[in-house]
Amino acid sequence: MSGPFPVRIVASAARAILEAAEWWTANRPKAPDAFAVELERAYQLLASQPAFVAQTRNIKLAGVRRIHLPRVQYYLYYRMVSEPTTVEILALWHTERDTAPKLS
């Protein structure tokens, strides 16, 4: 497996990302770009090395992984799909939530 791989965002994840980005910009005046910067860093990493983290165990959907966005305290849940090989972003989830996203 060699990259870079295209990154595709499912509609529900795109909505969550947009809402979180808008909230962050409006409510974090000392670092209004932090969310966008962390997200871009994650996209670049996933496009080049999508298998660098282990698969999650608390998700029913097979092959799901998550990457931590430490500066903004979110997880991006994703998986690799083939034909053609693509990184598929499934969910954005705040680290303070007690449960994992329901992915199917």
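Rundown of residues vs (1) assigned to a strand (DSSP E or B); (2) surrounded by 12 or more Cβ atoms within 10 Å (Cβ to Cβ); (3) in contact with a helix residue (DSSP H, G or I) (Cβ under 7 Å, 6 or more places away or on another chain), yes/no style:
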{"site": "Pro50", "(1), (2), (3)": "no, yes, no"}
{"site": "Val53", "(1), (2), (3)": "no, yes, no"}
{"site": "Ala62", "(1), (2), (3)": "no, no, no"}
{"site": "Ile67", "(1), (2), (3)": "yes, yes, yes"}
{"site": "Tyr78", "(1), (2), (3)": "yes, yes, yes"}
Practice item. Search the stretch 84-104 for residues being out of contact with any Leu (no Cβ under 8 Å at 6 or more places or on another chain) and over 21 Å from Ala21 (Cα atoms), and hand back the single one that is surrounded by the most Cβ atoms within 10 Å (Cβ to Cβ). Key: Thr86
Point to revise | Only one of Arg65, Arg8 that is in contact (Cβ under 8 Å) with a residue 60 or more places away in the chain and touching a strand residue (DSSP E or B) at 6+ places or on another chain (Cβ under 8 Å) | key: Arg8
Exercise for review: Return the residue satisfying two criteria in turn: it lies in the stretch 16-46 and is among the aromatic types (Phe, Trp, Tyr) and under 30 Å from Thr85 (Cα atoms), and of such residues it is nearest to the chain's Cα centre (by Cα).
Suggested key: Tyr43
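Output the residues belonging to the stretch 1-17 that are out of contact with any Ser or Thr (no Cβ under 6 Å at 6 or more places or on another chain) and surrounded by fewer than 12 Cβ atoms within 10 Å (Cβ to Cβ). Explain how you work it out, then say what you get.
Narrowing the stretch 1-17 to residues out of contact with any Ser or Thr (no Cβ under 6 Å at 6 or more places or on another chain): 1-2, 7, 9-17.
Hits for the stretch 1-17 are Met1, Ser2, Ala11.
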Review point. Of a type in the set (Asp, Glu) and either touching a helix residue (DSSP H, G or I) at 6+ places or on another chain (Cβ under 6 Å) or under 19 Å from Phe5 (Cβ atoms) (or both): does that describe Glu83?
Key: yes
Review point. Do you know which residues across the stretch 32-63 are modelled with pLDDT of 95 or more and in contact with a Phe, Trp or Tyr (Cβ under 6 Å, 6 or more places away or on another chain)?
Key: Phe35
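The values are calculated or read from the model by the stated rules, or taken from the named source; none is laboratory data. Since the model is a prediction, treat every value here as computed from it, not as a measurement. As a convention, Cβ positions derive from the backbone with ideal geometry for all residues, glycine included, and neighbour counts pool all protein chains shown.
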